[in-house]
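Remarks on the structure that follows.
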Amino acid sequence: MEGECRAPQARSSGLPAGGGGGESPGVDGPLPGSSGSSALLQAEVLDLDEDEDDLEVFSKDASLMDMNSFSPVMPTSPLSMINQVKFEDEPDLKDLFITVDEPESHVTTIETFITYRIITKTSRGEFDSSEFEVRRRYQDFLWLKERLEEAHPTLIIPPLPEKFIVKGMVERFNDDFIETRRKALHKFLNRIADHPTLTFNEDFKVFLTAQAWELSSHKKQGPGLLSRMGQTVRAVALSMRGVKSRPEEFMEMNNFIEIFSQKINLIDKISQRICKEEREYFDEMKEYGPIHILWSASEEDLADTLKGVASCIDRCCKATEKRMSGLSEALLPVVHEYVLYSEMLMGVMKRRDQIQSELDSKVEALTSKKADTDLLTEEIGKLEDKVECANNALKADWERWKQNMQNDIKSAFTDMAEENIHSYEQCLATWESFLTSQTDLHLEEASEDKS
């Protein structure tokens, strides 16, 4: 919670040495991010990655920091603190550029997995170099997400693409699936880098820069399985009490999340179905043109007309394929990313309720004087600060998330509309040109008959 109370409002205005933009050619546009994965369907799923104890990384110009520095609190060096201060007239310039690229397959006697190259360029003083290069696998991203949730329980952590895919929809480590996941992982890291608080998280820095270290040692620092199970049961009980004492503003927030989740899930399913039906239509239309060419060989009087129809169909196929590409690469990933966001938001609300419930239970104990009064008073004071920090962090991040969501959704649907208009205009112009040529041909033939 300390990190949330000390949330920085902006980053320094420097630019990374040797770097211009943060994304290389071919890197994804708007997506969670997304992930435009087919895993949203209700079907049997296939596990792509197995849990492992080690974190394979390779680094350039980086040295491993002291393991004691793995703290969820904000950076405390003088230059780091300067980065957290934002002056009203200071432009919000980017000082951390991250690119995820070059997926690479690794085959061992035990498993097969994919790693992705992560290049980081920065001008921040707390980094000991201006450029880093590491390789990470999906499980490493999952570890980072979990550490961010532990350190910032009421901040909205960007979602990761699912670990599972629908059986029969995508082959294991299919090129299209790997590329979709790469784009989603790229968006995940850049969402964190652009966040005013998460970007300064120490585990995020280690993820981007560490040369070689084992994840198992850090797992041992957390609670064991039985302890986690006990905490989960207690968290559920506390969160149920937290719902009863949830302030009205958070009740409204929760209602919004429930409605948003229902709508975005429905849009996601319909969009996936439309995409599938359009693909089937496209595959059939591709067979339609060659049939007219074959037909023209046996119809001498209709040969030119039939060949003209085949040419129009071919051009319409190309326009349709481009439109479908825009749908699957632009709209679907954005919509599905916010499906994952809706699930993330529900988890954030539960964690907020749990913190609130801890305070309520102590106040109740003090009222009934079931424990040492002085000790309870001290604990209540600390919990009140914790609740205030949690609430303020969530409210600030909520407004930021809503603005980003509205911009992303609006942009995705606007781009889709423009792409549809352009595609249909191309098809319309193609058929109008064909009709004009046929009309002119008919008039010429009529003129010849009269003469």
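The values are calculated or read from the model by the stated rules, or taken from the named source; none is laboratory data. Keep in mind it's a predicted model, so treat the numbers as computed, not measured. Every residue, glycine as well, gets a Cβ built from its backbone with ideal geometry; the counts of neighbours run over all protein chains shown.
Here's the yes/no breakdown for (1) buried (at least 18 other Cβ atoms within 10 Å of the Cβ); (2) within 27 Å of SER130 (Cβ to Cβ); (3) modelled with pLDDT of 60 or more; (4) under 19 Å from the mean Cα position of the chain (by Cα):
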position	(1), (2), (3), (4)
VAL170	yes, no, no, no
LEU189	yes, yes, yes, yes
THR209	yes, yes, yes, no
PRO247	no, no, yes, no
Tell me which residues, restricted to the range 393-421, are surrounded by 13 or more Cβ atoms within 10 Å (Cβ to Cβ), of a type outside the set (D, E, K, R) and without any contact (Cβ under 8 Å) to a residue 60 or more places away in the chain.
ASN404
Failed item, numbered, when PHE132 is tested on (1) under 16 Å from ASN190 (Cα atoms); (2) surrounded by fewer than 19 Cβ atoms within 10 Å (Cβ to Cβ); (3) not small (Gly, Ala, Ser):
(2)
Could you say whether any residue in the range 138-160 is of a type in the set (A, V, I, L, M) and either at positive phi or assigned to a strand (DSSP E or B) (or both)?
no
Filter result for MET346 (surrounded by fewer than 18 Cβ atoms within 10 Å (Cβ to Cβ), in contact (Cβ under 8 Å) with a residue 12 or more places away in the chain, of a type in the set (A, V, I, L, M) and not in a loop (DSSP other than H, G, I, E, B))
yes
Only one residue in GLU384, GLU358, GLU364, GLU388 is closer than 21 Å to GLU150 by Cα, more than 20 Å from the chain's Cα centre (by Cα), free of Cβ contacts under 8 Å to residues at least 24 places away in the same chain and not in a loop (DSSP other than H, G, I, E, B). Which one?
GLU388
